[in-house]
């Protein structure tokens, strides 16, 4: 372990030296490094401002700290009894009290001025050129491009998902960007003032990318505002910063900033991609990158009939991604999260109740409404799966048509 | 009260000896007994909360799911905070107040001895309830000690137990504080004017008022959670016209004064110890008193600095930023006064002094990072990261906890009549002060480098500092067993302590024999 740490330390030094080169290839920012110790300067004017203010205050508190610590260490050394110090008996001096009240006050005033200016700038979302709505869920993000009509969910990538289990198949160290990668990143253009509207679907989350310079809580029922103008293309990573339940540590944020042309090409791909996804519906569900409101996707054509094997395969995949975190891969649940294996609701003769739970959630608990997040085929698959996996053997299947009817 | 009963009482001749057996402790109304009970309970809870911290640091030793499930991890972070705040630090300070306030102001006992007994015995009841939640279906509270809705409402069957436990602990604190305030205001010896009181008494007088003011607010907040969950109200539920952020406002209106409740008595302790070992009076006594009062006042108008990221109006952010920055002024005055007390003293370095000096230095680090956190625009980066975790552990562990340890070493000879083992105590100090910095200092870096708090697993880039921090944590945790042993050893025997104990000590408690008799100052001393 020590040797591994050494290697990583050396790598960090090397990377710092060649930070400029590192930025060229996949556009990964050079800030996130082992032994990282400081805030990023970031890629927005706001992050630069907060960084400058942070460093200013840091130097000021270092100076104050040095004054205090040197004073104390000098006193205890100079006036130690073992060196024969005789105690003086003074205990009061109004003038010095006034001095050390007024001087700190003036220093604070000096800090307050730039801090106030920064705060005012940060809250000014006027003249924005595009708007992205961010919605927090337990435990993923949804991004909606208000003008482009694009929306999608963004959750922890599969490699990290595998590596974060007990006795994992892959070690965290072997995953690129462990816990900091998602399936569908937020793609935005550079040099564009983006307004973020932030809200939540369940509990409070907080959307944070350090290189944008701020975090903002997402509060259910309220919409918060923030903004960023990203100045350099690149990949910027962050995490949920407000405790939001069991998988709070597993809902990263990834922002990919592109040149305007590349971004426009991406938008075309997404909006065009929606039609092609519909045409090819059935081949490759589950990957809904930029696929619009996935719940509505299957709404167009006739619902398909699937075999039990197809449904089980689909269901197992969805279960692994969406359900296993709480209900566990063996369906036994854990703590607050009920077991599905052997559950009377899950194995009831009529699947309507469990279908209702999956689609609409259970209010007052961590059980989410998946009706908007999954398409008919996925819901049909996962309900079929939990009714037949483990020792649950109802033997029947739930077809996408039944899900469509239940919407 | 007839004179016959009074006489019988004297005939038995048991007026000065405590009764024997378990009933002595169950029914005692003696301030020294209750002080011992409070502090023993605090020490027990310090180890319970510490064990939870060990689980946290073990899980964070390296990335991946290593020891406990994320949901249990969240229970640990939540319970660690609740146990340390309400079980270790607050009862620790209340125990010190029980033992010391009467003997420092020349009173025979506390003003309300039976309330005192009841306030203490509510604590074990409350903590049985709270800790039992860990074994209930759905587990203990896992939404953070701040109990933010809607997350806290997702808790399992233990939810009402959590709320009820908080109520009981709140009642206990309020009764204890009323007692301390009543004692200080009514039972001072003749000549002991307010401005002659020892600093520890002053800080507890102000702390007492803070507790009485804010504990009911916490009780109200959690009661609203209870009715939201079970009685169909919508205080914090947007769908019913409520606002989840309102809970945060109400909670932190309690919560910010609460953090000063956890530090003001520490100021009093350090203001007693430093003059003793510098052999010089406290510099600027009256400005120290005014500074504590100013800090207490400001604590009521800064609560929303815990909420800079929730989305409040710009004017709100600016107001709470300015008010918070102002706290640095009276806090700075205190630090400078301690420095001036050291200046031209004649300083020796017994263990209480070492802990007190470490307090001044390390609390200053926590104060300076607090100043950084006060700045709203940068707080949008710091908030909810390990930088915050480092900050509040510097003020609570190397602040409050170090002060309590300093106090224990300082007054232990007066309580037991024996000197503690100085050499071993110095070991305890140096192990603690080094490991606690290894534990918490790297967490500043982790936070700035982007690690959020309250996560059970982290990106590989954070491995090194987490490993260092965990190693510091284990050493710090196990070093505290030394403290336990030192206290036990000192209670059981040791070199006989003189009445004065410390050459430079000032105050009424040092005029009493060591150990202090079961009943003291039955005839009030006269303070000149």
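For a quick check: sort B:185, B:130, A:106 by the number of other beta carbons within 10 angstrom, fewest at the front.
A:106, B:185, B:130
Quick one: Debye curve from the C-alpha atoms of the range B:359-511, no solvent, what's log10 I(q)/I(0) at q = 0.10, 0.15, 0.20 Å⁻¹?
After summing over all Cα pairs, the log10 values are -0.47, -0.83, -1.16.
Of all beta bridges DSSP finds with both residues in chain A, what is the antiparallel percent, to the nearest 5?
Looking only at bridges with both residues in chain A, the antiparallel portion is about 70 percent.
Per DSSP H run of n ≥ 4, the term is -39500 (n - 2.57); total these for chain A, divide by its residue number, and report the mean residue ellipticity at 222 nm rounded to 500 deg cm²/dmol. Let's see the in-between values first.
Working: 12 runs with 157 residues, N = 407.
Calculated mean residue ellipticity at 222 nm is -12000 deg cm²/dmol.
What does the convex hull of the Cα atoms of chain A come to per residue, in Å³, rounded to a whole number?
Hull volume over Cα atoms, normalised by residue count, gives 220 Å³.
Based on the Kirkwood radius over alpha-carbon pairs, what is the Stokes-Einstein translational diffusion coefficient of the range B:250-402 at 20 °C with 1.002 mPa s viscosity, in µm²/s?
133
When A:119, B:110 are ordered from fewest to most other Cβ atoms inside 10 Å of their Cβ, what list results?
A:119, B:110
Once the convex hull of the C-alpha atoms of the range A:58-169 is built, how many Å³ does it hold per residue, rounded to a whole number? Before the final figure, lay out each step's value.
Working: hull volume 30.7 nm³, N = 112.
Hull volume over Cα atoms, normalised by residue count, gives 274 Å³.
Take every residue in peptide A:110-117, count the Cβ atoms of other chains within 10 Å of its Cβ, and give the average of those counts.
Per-residue shielding by partner chains comes out at 4.
Bin width 5 Å, alpha-carbon pairs only: give the P(r) of the range B:140-244 as whole percents, running from 0 to the bin holding the largest distance.
Going from the shortest bin to the longest, the percentages are 2, 11, 18, 16, 13, 10, 9, 7, 6, 5, 3, 0, 0.
How many times 2.2 N^0.38 Å is the alpha carbon radius of gyration of the range B:32-87?
Scaled against compact globular proteins, the figure is 1.38.
Once the Cβ-Cβ distance between residue B:20 and residue B:481 is put in as r, and R0 is 25 Å, what FRET efficiency do you end up with, to the nearest 0.05? Mind showing how you got there, number by number?
Numbers: r = 30 Å, r/R0 = 1.19.
Approximately 0.25, to the nearest 0.05.
With r defined as the distance between the Cβ atoms of residue A:261 and residue A:59 and R0 fixed at 35 Å, what FRET efficiency is calculated, to the nearest 0.05? Working shown, then result.
Details: r = 41 Å, r/R0 = 1.18.
That pair, residue A:261 with residue A:59, gives E of 0.25.
Take every DSSP beta bridge whose two residues both sit in the protein assembly as shown, then give the antiparallel share in percent to the nearest 5. Please report the intermediate quantities before stating the final value.
On the way: 34 of 48 bridges.
Of those bridges, close to 70 percent are antiparallel.
With the radius of gyration and the Kirkwood radius both derived from the Cα set of the range B:375-443, what is their ratio Rg to Rh?
Here the Rg-to-Rh quotient is 1.17.
Normalised by the residues of chain A, what does the relative contact order come to in percent, with Cα pairs under 8 Å and at least six apart?
Relative contact order of chain A: 13 percent.
Taking the 0 to 90 degree range and rounding to the nearest ten, how far is the long axis of helix A:2-17 tilted relative to the main principal axis of chain A, both from C-alpha atoms?
80
Which number do you get for Rg(Cα) / (2.2 N^0.38 Å) in the range B:304-353?
Cα-based Rg divided by the globular estimate yields 1.89.
Taking each residue in B:337-343, count the Cβ atoms of any other chain within 10 Å of its Cβ, then average. What number comes out?
Working: counts 5, 4, 7, 9, 3, 7, 8.
Other-chain Cβ atoms within 10 Å of each residue's Cβ, averaged: 6.
If I fit a long axis through the Cα atoms of helix A:376-388 and take the longest principal axis of the Cα atoms of chain A, what angle between them do I get, 0 to 90°, rounded to 10?
Helix A:376-388 sits roughly 80 degrees off the main axis of chain A.
How high is the relative contact order of chain B, given as a whole-number percent (alpha carbon pairs under 8 Å, six or more residues apart)?
Worked out over chain B, it gives 18 percent.
Quick check on the range A:166-266: take the gyration tensor over C-alpha atoms, sort the square-rooted eigenvalues as a ≥ b ≥ c, and tell me if it's rounded (a/c under 1.5), prolate or oblate.
oblate
Tell me the mean residue ellipticity at 222 nm calculated for chain B from its helices only (DSSP H runs of n ≥ 4, each -39500 (n - 2.57), averaged over every residue, nearest 500).
The helix contribution divided over chain B gives -22000 deg cm²/dmol.
Binning at 10 Å from 0, report for the protein assembly as shown what percent of all alpha-carbon pair distances ends up in each bin.
2, 11, 20, 23, 19, 12, 7, 4, 2, 0, 0
Taking chain A as a Gaussian network, where each spring joins two C-alpha atoms under 10 Å apart, which residue of A:74, A:51, A:263 fluctuates the most?
Highest fluctuation among the options: A:74.
To check you understand DSSP bridge types, tell me what percent of the beta bridges within the range A:162-237 (both residues inside) are antiparallel, rounded to 5.
90
Which FRET efficiency value, to the nearest 0.05, is calculated for residue B:185 and residue A:73 with the Förster distance at 45 angstrom and r the Cβ-Cβ distance?
That gives a FRET efficiency of 0.65.
Taking 0.36 nm per residue of sequence separation and subtracting the Cα-Cα distance, how much length would be gained by fully extending the chain between residue A:103 and residue A:90, in nm to one decimal?
My answer for the length gained is 2.4 nm.
Tilt of helix A:94-122 relative to the longest C-alpha principal axis of chain A, in degrees (0 to 90, nearest 10)?
The answer is roughly 30 degrees.
Can you bin every Cα-Cα distance in the range B:189-284 into 5 Å intervals starting at zero and give me the percent of pairs per bin, rounded to whole numbers?
Calculated over all Cα pairs of the range B:189-284, the distribution is 3, 12, 16, 14, 12, 10, 8, 7, 6, 5, 4, 2, 0 percent.
From the Cα trace of the range A:50-101, what convex hull volume per residue do you get, rounded to a whole Å³? Numbers along the way, then the final one.
Details: hull volume 4.3 nm³, N = 52.
Hull volume normalised by residue count: 83 Å³.
Working from the alpha-carbon coordinates of the range B:48-136, get Rg over Rh, Rh being the Kirkwood radius.
Checking Rg against Rh, the ratio lands at 1.16.
Can you work out the base-10 log of I(q)/I(0) for the range B:414-478 at q = 0.17, 0.21, 0.23, 0.27 1/Å, using the Debye formula on its C-alpha atoms alone?
These q points yield log10 I(q)/I(0) values of -0.65, -0.84, -0.94, -1.12.
Packing-wise, with mean Cβ within 10 Å as the measure, how do B:375-381, B:288-294 rank, highest first?
On the way: B:375-381: 26.7, B:288-294: 19.7.
Ranked by mean Cβ neighbours within 10 Å, highest first: B:375-381, B:288-294.
How far is it, in nm, from the label point at residue A:407 to the one at residue A:117 when both lie 7 Å from their Cα along the line to the Cβ?
If labels sit at residue A:407 and residue A:117, their model points lie 5.3 nm apart.
Treat the range B:157-201 as a sphere of radius equal to its Kirkwood radius over Cα pairs and apply Stokes-Einstein at 10 °C in a medium of 1.306 mPa s; give the translational diffusion coefficient in µm²/s, rounded to a whole number.
My calculation gives 123 µm²/s for D.
Calculate, axis by axis, the spread of Cα positions in the range A:102-245 along the three principal axes, and write the results as whole Å, longest axis first.
Result, largest extent first: 61, 41, 33 Å.
Based on the Cα gyration tensor of chain B, what are the three equivalent ellipsoid semi-axes, each the root of five times an eigenvalue, rounded to whole Å and given largest first?
37, 27, 24
Neighbour counts of other C-beta atoms within 10 Å: give me A:37, A:359 arranged from fewest to most.
A:37, A:359
Peptide B:277-289: average number of partner chain Cβ atoms within 10 Å per residue?
Mean partner-chain Cβ count within 10 Å for B:277-289: 4.
What is the gain in length, in nm to one decimal, between residue A:360 and residue A:146 on full extension, counting 0.36 nm per residue of separation less the C-alpha to C-alpha distance?
Here the segment from residue A:360 to residue A:146 would lengthen by 74.6 nm.
Readers should treat all values here as calculations from the given coordinates under stated rules, not as data from a laboratory. Keep in mind that what you see is a predicted model, and the values were worked out from it rather than measured. With ideal geometry, Cβ positions are generated from the backbone for all residues, glycine too; neighbour counts draw on all protein chains shown.
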